[in-house]
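The values are calculated or read from the model by the stated rules, or taken from the named source; none is laboratory data. Predicted model only: the values in this text are computed from it and were never measured. For neighbour counting, all protein chains shown are included, and Cβ atoms are generated from backbone atoms with ideal geometry for every residue, glycine included. These area figures cover heavy atoms from the full protein model, side chains too; ligands, DNA and RNA do not enter into them. Shrake-Rupley method; radii C 1.70, N 1.55, O 1.52, S 1.80 Å.
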Amino acid sequence: MRTYRRITYEDRCQIYALRKAGGTQAEISQALGFSQGTVSRELARNAGRRGYRFQQAQRAAQARQQQLRHQPRKLTSRVRRALTRKLRAERWSPEQLSVWLRNERGLSLSPEWIYQMIWANTRMDGDLWRFLRRRGKRYTRRGAQHAGRGVIPHRIDIAERPPIVTDKHDARAIALFLSKDMLPEARIKSKAHVQLASLITTRDQLVKLRVSLLGKVHGMFVRHGLKVRREVLTSQAGFTREVAGYNWSPLERAELAVIDDQLQSLHRNIKRLEKKIAAFAKTLPGYDNLISIKGIGPLSVAVMLTHIGAIEDFQNTGKLAAYFSIVPRVSQSNETNNSGHITKRGNKLARTTLVQCILIAIRYSPYLRGFYANINNRRGTGKAIIATARKLLNTIFHTLKNKWVFADFPNFKLLPCNQS
């Protein structure tokens, strides 16, 4: 699923270059990461008499954005004339005018906006203020005398309260919460889990930086109308071969040389971190259990163990699935229950790792492959992946809980010492 982003000046330069090279809208959208409709609208809106040119397109887009920014959306000149007519003829209050706009014209405009229109007219020597019902009263900002959301009038800040009073109230509140079993428990992971999680996060950031630099190089090829698969650039030999096969300008050669040095450094450092992560993960309890599951590698085991922590903290598989945020979002109103997409509130790296593991596991496990195919035929690929990932997470839960070690995971056979 693509994330929304605006078309920048650099994108327009690449669109211009690809159009000159004879690229179609589908090829341009795939190269730049936009939808085909976005590219089509860009060409239709910003093309001139001589076709699409990036500088002209940038000026047209900026002018259109500037025009829309200063154009009133609700309080237009037509609405101003209608409000002025009602105010002069019938002396309606701004509150009545707001209700009239909502009922008659379907326009939601607060009374405060109407007041602001009247005071703007007054600053320009207008006389609209004379038609207000209480024109002789000095204007005060509405809402200043009332408490807003989260504001308590005459409230004394907790830092200014006497310690004796504060401690007494806190002790009473804590005792009440304890008696009702309402105090939430905080999960504190071990020092080893925290340190390994920090190492995994650093490795993930370096991988994202490497992907960003490879995307930059791929964009340079696309700008010159060259078709190169992004996967080819990931290896050092493929990067060197593809870069050497084109006559770059001096500035581009300098940029590519710097990117090449950074990529080599990132390759080395990522490998160092992966070795450290895999070696340290072997010392954690539960490593031998999870590594016996076909589809979960050493790095994935490290991510799972650091995210889960102590499996005893989870009462059942549903609690663990909610912790991984692969449960549906539920909206309840009276007797109506609506469920939507997954919540995605947990650790994104752990959830991504779980999905990657299930994509590998379904290649080897007939049971998981059949379960995935069944859901895929009925509800689509996305829901099938998440449902099968939760099925694998259930297996991970029972594996850690019961300390299983699989001798043959595709056929779900345990080692003899684990069979009961």
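Just a few scattered comments:
- Scalar couplings 3J(HN,Hα) for the stretch 381-397, obtained by applying the Karplus form with A = 6.51, B = -1.76, C = 1.60 to θ = phi - 60°, are 5, x, 5, 5, 5, 5, 5, 6, 5, 5, 4, 5, 5, 4, 5, 4, 4 Hz; x denotes Gly and Pro.
- Sequence-distant lysines (8 or more away, or on other chains) whose Cα lies within less than 24 Å of Lys227: Lys20, Lys208, Lys216
- Accessible surface, per residue, of the chain when the full set of protein chains is kept, probe 1.4 Å, Å²: 67 Å²
- Expected 222 nm ellipticity per residue - DSSP helices of 4 or more, -39500 (n - 2.57), all of the chain, to 500: -19000 deg cm²/dmol
- Cα gyration tensor shape of the stretch 346-420, rounded if a/c is under 1.5, else prolate or oblate by comparing a/b with b/c: oblate
- For Ala407, residues with placed amide H under 5 Å, excluding near neighbours: Lys413, Leu414, Leu415
- Carbon and sulfur %, accessible surface of the chain computed with the full protein complex present, 1.4 Å: 52 percent
- Ranked by how many other beta carbons lie within 10 Å on average, peptides 334-343, 314-323 from highest: 314-323, 334-343
- Here the Karplus curve 6.51 cos²θ - 1.76 cosθ + 1.60, taken at θ = phi - 60°, turns the phi angles of the stretch 224-240 into couplings of 9, x, 9, 9, 10, 5, 4, 5, 5, 6, 6, 8, 5, 5, x, 4, 5 Hz, with x standing for Gly and Pro.
- Close amide H pairs (under 5 Å, H built 1.01 Å from N) link Arg329 with Gly340, His341, Ile342, Thr343, residues at least 5 positions away or on another chain.
- Gyration tensor (alpha-carbon) shape descriptor, the chain, a/c threshold 1.5: oblate
- Per-residue ³J(HN,Hα) for the stretch 79-88, Karplus 6.51 cos²θ - 1.76 cosθ + 1.60, θ = phi - 60°, Hz, x for Gly and Pro: 5, 4, 5, 5, 5, 5, 5, 5, 5, 6
- Within the stretch 8-71, trypsin sites (Lys or Arg not before Pro) in DSSP loop having at most 11 other beta-carbon neighbours inside 10 Å: Arg49, Arg50
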